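J.: Before we start, here is the structure in question, set down as structure tokens.
The values are calculated or read from the model by the stated rules, or taken from the named source; none is laboratory data. Worth saying up front: this structure is predicted, and the values here are computed from it rather than measured. Every residue, glycine as well, gets a Cβ built from its backbone with ideal geometry; the counts of neighbours run over all protein chains shown. Side chains included, ligands, DNA and RNA excluded: accessible areas come from the protein's heavy atoms. Shrake-Rupley method; radii C 1.70, N 1.55, O 1.52, S 1.80 Å.
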Amino acid sequence: MSNINYFDWKGRTLIAVLLFVLISLNASAGSGLKFKDQKFKIIQFTDLHYVHSDKHKAQNDSTIELMRLLIEEEKPDLVVFTGDVVVSSPALEGWDRVTQPMTELQVPFAVNFGNHDTETDVTTSEILEHLSKNPMSVTVNQKKGISGQGNCSLPIQSSDGKQDEMVVYLFDSKAYSDHEKVSGYGWVKHDQIDWYRETSQAYAKKNKRVVPALAFFHIPLPEYAIVREQEATLGNNTERVHAPTMNTGLLSAFVEMSDVKGVFVGHDHNNDFIGSIFGVALAYGRKTGYVPAYTEILDRGARVIELTEGADFFETYIRTRSDKLLEYTFPY
């Protein structure tokens with residue numbers, strides 16, 4: 001081996017090690033989330049479709065009031081918005097309004113962007129920057145240079161703070177196809193999947209085990225159409241699955257990494273079903289916003305996800321203003 005090749009090999013090895021260390025540091029960056037008495041609860045709000053206008057004031061007020069009610073009753077440790085939150089201008093004013101319940105009740109919240117969040121007077125990058133000023137917001141761009149906004153992992157520490165007990169992954173599923181040969185909705189791209197794989201490996205290395213995880217984004221995976229037809233699937237499935245026509249293998253990555261046990265999306269307002277495929281639960285939230293985008297048949301509400309420290313299952317159900325529905329336990 002020549003000296004040039006030898007030092008080139010050493011340099012490449014050193015760079016690889018440094019990159020892995022940086023990935024590990026990013027993966028272990030604290031989100032401030034932690035199990036309390038071995039319990040952790042997430043509320044998923046989705047598709048608020050907040051429209052800033054006098055015409056929709058009563059509907060917007062009802063949406064905010066419902067969110068506040070469910071937070072007060074369920075007492076979550078984290079709120080996750082899965083897209084199509086504020087769909088009109090001035091958007092930043094709308095975002096301040098819809099995040100007000102979490103701000104006032106001191107509940108951390110995370111945000112996925114949906115296809116309609118991109119159709120206002122600000123970019124999703126500007127929205128994320130604006131939200132970063134709110135001390136309750138935990139969404140960040142964990143790795144620069146990859147597709148989308150708000151791709152990040154949120155570790156949930158064990159009750160004793162000694163390890164990462166669970167991880168919440170946020171992905172930007174984009175808005176619409178940006179490829180001339182592909183029509184329809186956007187999708188999670190390969191650089192995002194590569195980031196997820198690297199981050200998952202870093203958590204496993206740090207904690208000396210595969211760390212169970214949940215994933216949240218807006219547009220459903222194509223595999224939701226399979227789960228929709230399964231006999232054991234629970235919930236409403238009156239709307240077809242509006243998935244991207246391009247399948248980039250995100251579910252395959254979840255299965256191969258063996259960590260993500262549940263996927264939670266929005267987008268289709270008349271679906272709130274949950275079922276499983278390849279050992280992963282695929283679930284919709286319940287539409288939260290009272291402003292309709294088309295004919296909508298479900299009472300407004302949210303999905304609640306309850307985690308138990310050290311358990312091999314999670315529990316989930318739909319909450320409306322007056323009911324607890326569609327209780328489901330997913331073993332993993």
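J.: Could you please give the count of residues in the stretch 153-164 that are closer than 16 Å to Val138 by Cβ and either among the basic types (Lys, Arg) or in contact with a helix residue (DSSP H, G or I) (Cβ under 9 Å, 6 or more places away or on another chain) (or both)?
T.: Narrowing the stretch 153-164 to residues closer than 16 Å to Val138 by Cβ: 153-157, 164.
With the extra rule that they be either among the basic types (Lys, Arg) or in contact with a helix residue (DSSP H, G or I) (Cβ under 9 Å, 6 or more places away or on another chain) (or both), the set shrinks to 153, 155, 164.
Here the count works out to 3.
J.: Follow-up. Just need a number here: residues in the stretch 207-222 that are touching a Phe, Trp or Tyr at 6+ places or on another chain (Cβ under 8 Å), in a loop (DSSP other than H, G, I, E, B) and within 29 Å of Ile297 (Cβ to Cβ).
T.: 4
J.: If Gln59 meets every condition in (1) under 18 Å from Pro135 (Cα atoms); (2) at pLDDT 95 or above apart from one, which number is that one?
T.: (1)
J.: Search the stretch 88-111 for residues that are among the basic types (Lys, Arg) and pair each with any residue that is in a helix (DSSP H, G or I) when their beta-carbon atoms are under 7 Å apart and the residues are at least 6 apart or on different chains.
T.: Pairs found: Arg97/Ile64.
J.: When the residues of the stretch 207-222 are narrowed to those that are free of Cβ contacts under 8 Å to residues at least 60 places away in the same chain and over 18 Å from Tyr332 (Cα atoms), which ends up most open to solvent (accessible area, probe 1.4 Å)?
T.: Checked the stretch 207-222; the qualifying residue most open to solvent (accessible area, probe 1.4 Å) is Lys208.
J.: Output the residues belonging to the stretch 235-253 that are part of a loop (DSSP other than H, G, I, E, B), closer than 30 Å to Thr320 by Cβ and free of Cβ contacts under 8 Å to residues at least 60 places away in the same chain. Don't jump to the end; show me each part of the working.
T.: Taking the stretch 235-253 and keeping what is part of a loop (DSSP other than H, G, I, E, B), we get 235-236, 238-249.
Applying the additional criterion that residues be closer than 30 Å to Thr320 by Cβ yields 235-236, 238-244.
Thr238, Glu239, Arg240, Val241, His242, Ala243 - these are the residues of the stretch 235-253 that are part of a loop (DSSP other than H, G, I, E, B), closer than 30 Å to Thr320 by Cβ and free of Cβ contacts under 8 Å to residues at least 60 places away in the same chain.
J.: Here is a further query. Filter the stretch 155-206 down to the residues that are farther than 19 Å from Thr248 by Cβ, open to solvent by less than 20 Å² (accessible area, probe 1.4 Å) and outside any strand (DSSP E or B) and list them by number.
T.: Ser158, Ala202, Tyr203
J.: Mind checking which residues of the stretch 285-317 are of a type outside the set (D, E, K, R) and closer than 24 Å to Glu165 by Cα? Give the derivation first.
T.: Let us first name the residues in the stretch 285-317 that are of a type outside the set (D, E, K, R), namely 285, 288-295, 297-298, 301-302, 304-305, 307-308, 310-311, 313-314, 316-317.
Answer for the stretch 285-317, where residues must be of a type outside the set (D, E, K, R) and closer than 24 Å to Glu165 by Cα: Gly285, Val304, Ile305, Leu307, Thr308, Gly310, Ala311, Phe313, Phe314, Thr316, Tyr317.
J.: Quick one: which residue in Tyr328, Tyr294 is open to solvent by 10 Å² or more (accessible area, probe 1.4 Å) and either under 22 Å from the mean Cα position of the chain (by Cα) or acidic (Asp, Glu) (or both)? Before the answer, list the steps.
T.: Details: Tyr294 fails: either under 22 Å from the mean Cα position of the chain (by Cα) or acidic (Asp, Glu) (or both).
Of Tyr328, Tyr294, the one residue that is open to solvent by 10 Å² or more (accessible area, probe 1.4 Å) and either under 22 Å from the mean Cα position of the chain (by Cα) or acidic (Asp, Glu) (or both) is Tyr328.
J.: Tally time: how many residues in the stretch 269-291 are part of a loop (DSSP other than H, G, I, E, B) and under 15 Å from the mean Cα position of the chain (by Cα)?
T.: Counting residues in the stretch 269-291 that are part of a loop (DSSP other than H, G, I, E, B) and under 15 Å from the mean Cα position of the chain (by Cα) gives 2.
J.: Give the residues of the stretch 254-268 that are acidic (Asp, Glu) and in a strand (DSSP E or B), sorted by residue number.
T.: none
J.: Looking at (1) among the aliphatic types (A, V, I, L, M); (2) under 23 Å from Val280 (Cβ atoms); (3) open to solvent by less than 30 Å² (accessible area, probe 1.4 Å), which is the only condition Ala225 fails?
T.: Ala225 satisfies all of (1) among the aliphatic types (A, V, I, L, M); (2) under 23 Å from Val280 (Cβ atoms); (3) open to solvent by less than 30 Å² (accessible area, probe 1.4 Å) except (3).
J.: Which residues, taken from the stretch 294-332, are closer than 21 Å to Pro212 by Cα, assigned to a loop (DSSP other than H, G, I, E, B) and free of Cβ contacts under 8 Å to residues at least 40 places away in the same chain?
T.: Of everything in the stretch 294-332, those that are closer than 21 Å to Pro212 by Cα, assigned to a loop (DSSP other than H, G, I, E, B) and free of Cβ contacts under 8 Å to residues at least 40 places away in the same chain turn out to be Ala311, Asp312.
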